[in-house]
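The structure under discussion appears below in the form of structure tokens.
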Amino acid sequence: MAADAPIRPSPTVTDDSAVFWDAAAECRLVAQRCAGCGRLRHPPRPMCPACSSLEVEIAELSGQGTLYSYAILHHPQHPAFEYPVIAALVDLEEGVRLLSCLTDVSKDDVRIGMPVHAHFVPTADGPLIPVFRPSEDL
Amino acid sequence: MTGRRTLARGAASIVGAGCTEFSRRAGRTELQLACESITAALDDAGMAAADVDGIVSYTVDPVEETELVRSVGFEEINFSARIPYGGGGSVGVLQHAAAAVASGAAEVVVAYRAIRARSGASRFGSAKTAPSPTSGHSGTTAMQWCMPFGVLTPASWMALNSVRYMHEFGVESADFGRAVVQLREYAATNPAAWGYQNPITLDEHQESRWIVEPCIHLLDCCQETDGSVALVITGSQRAADLPHTPVRIGTASTAGLFEQEIASDHYRPDLSVMDGTVALGRRLFEDAGFSRDDIDVALIYDAFSPILLMQLEGLGFCGFGEAKDFIADGSLALDGSLPTNTNGGLIGEGYIHGLNLVLEAVRQLRGTAVNQVADARTAVISASRTGAILTLD
Ligand SMILES: [Zn+2]
């Protein structure tokens, strides 16, 4: 990648969200799993909304999912991104939904329901984040 | 939950309404804009600043209460509140004002919003890569999950829902366009509107550039606007002695559901339905005892045209997926079954973050709107997760 190529900003990491971004920085896709009732949840949060447990485990996710929705973003354009950005909502096979974006696909080939899988790309300050590409391209 | 509690019906009324001009460059601060609209609203109500003992606005409004009090000359404020949820909370100011009046917490409440969405330090629709500085109390914490992926603007957040809606029900961009053509027709005869004397055709809508493909063309977007709107609310008994026919707050409510966010509302299971608005419709109609058939005019938050269709469905004015046919039948026009956004809406008139829709509802019920619905007696206002029914009855 050229030195002046657009590079996306790093995520804002908080004490509540670090579990997700810290794993992503190691090329791992995770969600919180409640140690009380086993329920998966994303975005991360300190308490289980089903059983009020504060105990969490980290569930490793496969990165396989289907495209629930998408949006092809043309305007306005921010210098940190290449346009059009193809924003994506991915329903992961474990049952949690993730907002991300698609790479390695033409905007005209994007279809709701298409199988996608995660890979990781760098951000401005270095940390990796999960984005998705069509599974057929494997 | 046992039973459905609702606001005391008609206990409070809107007795004054005021605004500044709506422009793309106000040339003065939000504080001054708020002072001007509040003074206009108090004049309209036949009241003075000293009559006011309550103030309500949005969490995202930049005007500080202390500065407002020392500028307008309020003498003693006994109640103040700010509503979260951004524009989705815009009608919540009526719920809080009415609840304050009904409970005795305050006697006269001013609700206001002042905004420089166009000329302010940051354009409202611009691409931002960090949650706004108001993060913790404006509901934008969730946007940390959007920013690293380039999903930076209100249009991009809402588009993910809109595309699923199109997919689920076979809705096309032209279906949104037909709504926009109607809004611009209303705006064309409204001298206060950005779109005054400038109606559009469906072809012009379709040819305007993509903001977000395949759901939001440029002409599907509201206009970032500078300006302010203010309303004066008091008890309906006192309202009877004031200059204008009181516009009663028949009911006002909020519906916030589990996992619901604001514009970045992506975690409810089925995004093709605005189920927060379904709950709001139940609160306004079934729970509060109003009938959809009694509604003479609707004001529906249209920051982007897809959410106008989705709210029509959520509120129950047509079936899910049927708003496109409802609109194609001319329902939103003055002679239609549900005249809607008769000021041109946020798309045609301007974007005072939703509060100009409340202003239009007041004008309709007073009989002073530029696109007047004959004998309008009952109006519904929806900002998707907050809403109200205003009535003369
Ligand atoms: Zn649990």
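What residue, of A:PRO84, A:PRO79, is at pLDDT below 95 and either more than 16 Å from the ligand (Cβ to nearest atom) or among the charged types (D, E, K, R) (or both)?
A:PRO79
It is to be established whether one or more residues within the range A:77-100 are within 12 Å of another protein chain (Cβ to nearest Cβ), in a strand (DSSP E or B) and aromatic (Phe, Trp, Tyr).
The answer is no, given that none of the residues of the range A:77-100 is within 12 Å of another protein chain (Cβ to nearest Cβ), in a strand (DSSP E or B) and aromatic (Phe, Trp, Tyr).
Inside the range A:87-97, can you point out the residues that are buried (at least 17 other Cβ atoms within 10 Å of the Cβ) and within 15 Å of the ligand (Cβ to nearest atom)?
Correct list: A:VAL96 only.
Is the range B:177-184 home to any residue that is closer than 25 Å to B:LEU309 by Cβ and without any contact (Cβ under 8 Å) to a residue 60 or more places away in the chain?
Yes: one or more hits.
Taking the range A:15-69 only, how many residues are more than 16 Å from the ligand (Cβ to nearest atom) and either among the aliphatic types (A, V, I, L, M) or surrounded by fewer than 19 Cβ atoms within 10 Å (Cβ to Cβ) (or both)?
19
Scan the range B:44-81 for residues that are of a type outside the set (Val, Ile, Thr) and within 16 Å of B:ARG238 (Cα to Cα) and jot them down.
Residues satisfying the conditions are B:ASP44, B:ALA45, B:GLY46, B:MET47, B:ALA48, B:ALA50, B:ASP51, B:ASP53, B:GLY54.
For the list (1) part of a helix (DSSP H, G or I); (2) under 21 Å from B:GLY87 (Cα atoms); (3) touching a helix residue (DSSP H, G or I) at 6+ places or on another chain (Cβ under 8 Å), I need the number of the one condition that B:TRP194 fails.
(1)
When only residues in the range B:366-388 that are crowded, with 24+ Cβ neighbours inside 10 Å and of a type outside the set (Ser, Thr, Tyr) count, which is nearest to B:SER13 (Cα to Cα)? Can you show your working first?
Our first condition is that a residue be crowded, with 24+ Cβ neighbours inside 10 Å; within the range B:366-388, this holds for B:379-388.
Going one step further and asking which of them are of a type outside the set (Ser, Thr, Tyr), we end up with B:379-381, B:383, B:385, B:387-388.
Numbers: B:ALA379: 13, B:VAL380: 15, B:ILE381: 15, B:ALA383: 19, B:ARG385: 21, B:GLY387: 15, B:ALA388: 12 Å.
Result: B:ALA388.
For A:ASP104, only one of the following conditions fails: (1) more than 15 Å from the chain's Cα centre (by Cα); (2) surrounded by 21 or more Cβ atoms within 10 Å (Cβ to Cβ). What is its number?
(2)
Working only within the range A:118-132, note down all residues that are surrounded by 17 or more Cβ atoms within 10 Å (Cβ to Cβ) and more than 10 Å from the chain's Cα centre (by Cα).
A:THR123, A:PRO127, A:LEU128
Out of B:SER162, B:SER173, which single residue is at pLDDT 95 or above, crowded, with 18+ Cβ neighbours inside 10 Å and within 9 Å of chain A (Cβ to nearest Cβ)?
B:SER162
How many residues does the range A:31-52 hold that are free of Cβ contacts under 8 Å to residues at least 24 places away in the same chain and closer than 18 Å to B:GLU259 by Cβ?
So the answer is 9.
Specify the residue that is surrounded by the fewest Cβ atoms within 10 Å (Cβ to Cβ); the eligible residues are those in the range B:200-218 that are touching a residue at least 40 places away in the same chain (Cβ under 8 Å) and closer than 17 Å to B:PHE124 by Cβ.
Of everything passing the filter in the range B:200-218, B:ILE211 is surrounded by the fewest Cβ atoms within 10 Å (Cβ to Cβ).
Restricting to the range A:11-49, count the residues that are within 10 Å of chain B (Cβ to nearest Cβ), closer than 27 Å to A:GLN77 by Cα, touching a strand residue (DSSP E or B) at 6+ places or on another chain (Cβ under 8 Å) and outside any helix (DSSP H, G or I).
Looking only at that region, the number is 1.
The values are calculated or read from the model by the stated rules, or taken from the named source; none is laboratory data. Just so you know, these numbers come straight off a predicted model, no measurement behind them. A quick note on method: Cβ atoms are made from the backbone with ideal geometry, for glycine too, and the neighbour counts reach across all protein chains shown.
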